[in-house]
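Engineer: My structure is below; once you've seen it, I'll send some questions.
The values are calculated or read from the model by the stated rules, or taken from the named source; none is laboratory data. None of the values given here were measured: they were computed from a predicted structure. Here the Cβ is made from the backbone with ideal geometry for all residues, glycine too, and neighbour counts use every protein chain on show. We work out accessible area using only protein heavy atoms, side chains counted, and drop any ligands, DNA or RNA first. Shrake-Rupley method; radii C 1.70, N 1.55, O 1.52, S 1.80 Å.
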Amino acid sequence: MANRRKFLIQSALGTMGAAFGAFACGNTPKEKTIASGPSAPTVLSTWNNLAANEAAWAVISQGGRALDAVEQGVRVVEADPEDMSVGYGGRPDRDGNVTLDACIMDEAGNCGSVCFLEHIKHPVSVARLVMEKTPHVILSGDGALRFALENGFRKEDLLTEKARQEWEEWKKVSEYKPVINIESHDTIGMLAIDQQGNICGACTTSGMAYKMRGRVGDSPIIGAGMYVDNEVGGAVATGLGEAVLKMLGSFLIVELMRQGASPQQACEEAIRRITSKQKNAAEIQVGFLALNKKGEMGAYSIHPGFVYALHQNGRNVGREAAAAL
Ligand code: SD4
């Protein structure tokens, strides 16, 4: 998969103009949102994950369930060693261990999650089994690994040579300092609406590079890294998980949409909560995506550079979100 830094914004100029025009203002007029038709089948994901969107769309275009679409979509990135923030090839913690977080949620409000999971390439699929086969929502660490192995997953070494070399380099200074939009991001959060009009979501990550052992971010926490409510819509987050955990961003966005906010307005309000309340906001990146049941979407981040991929109306395009700072 292409690195985000080489990311090409693949959108028709006219549409880009409309999108940026809409994003530039605080209150997005409804008719300017990127939208179409009631419950338009849609796949929306963080960062430059056009290939992931394609995999999800393949499920939806055949009449499949949004839950299968988001699982299949994010698995593309989990398996990609070039994406160094998710699954296989993800950057390790400061001790050199790749530890993974993921969650999934369906149209009935069922959800499952794994965190601090090691050695399993597809944590999202383990999260789905937690949802479908256990009475629990979250399994962590050794327990999550044991559950995965008992259910047929294979134990693998997820640390690639490239990630190991970067970690060795990092150890020379050992400074834990997430860089805005670079180095420690690429987490995929995905929302999909299927042809039945149901919305589901998933999120998967190796978390912040060089984190402390045992650190869990927002991505596997239902309501923080991802949330969907089939009456309203869904939201996903990317960026510094600690900032999102402090304000349960995805749940907040869905609740704001329930109260009448457009997806764009809801994302902007969620970012405003961070920039107004969290002292380090200028030094960190957080981006949110939202999708309502009509297929209208919103995207907003603290800093410029947050790109996302939207598959709707037969086109799969990358765009950059407007930003607060
Ligand atoms: C985390 N939110 O673990 C994730 C990281 C991320 O793009 O989104 N990276 O904090």
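Engineer: Please list K171, K277, K133 in order of solvent-accessible area, largest first, computed with a 1.4 Å probe with all protein chains present.
Structural biologist: Of K171, K277, K133, the descending order of accessible area is K277, K133, K171.
Engineer: Let me ask another. Express in nm, to one decimal, how much length is gained between Q196 and N110 on full extension, taking 0.36 nm for each residue of separation and deducting their alpha carbon distance.
Structural biologist: 29.2 nm
Engineer: Could you work out the local net charge near N230, counting Lys and Arg as +1, Asp and Glu as -1, over the other residues with Cβ closer than 9 Å to its Cβ?
Structural biologist: -3
Engineer: Within 10 Å, count the other beta carbons around each residue, average over each peptide in 202-212, 159-169, and list them highest first.
Structural biologist: The peptides rank, most packed first, as 202-212, 159-169.
Engineer: May I ask which of K162/K211; K172/K211; K211/K279; K133/K155; K155/K211; K121/K277 have a Cα-Cα span longer than 25 Å here?
Structural biologist: From K162/K211; K172/K211; K211/K279; K133/K155; K155/K211; K121/K277, over 25 Å: K121/K277.
Engineer: How far, in nm, would the chain grow between N97 and D157 when pulled straight, counting 0.36 nm per residue and subtracting the alpha carbon separation?
Structural biologist: 20.7 nm
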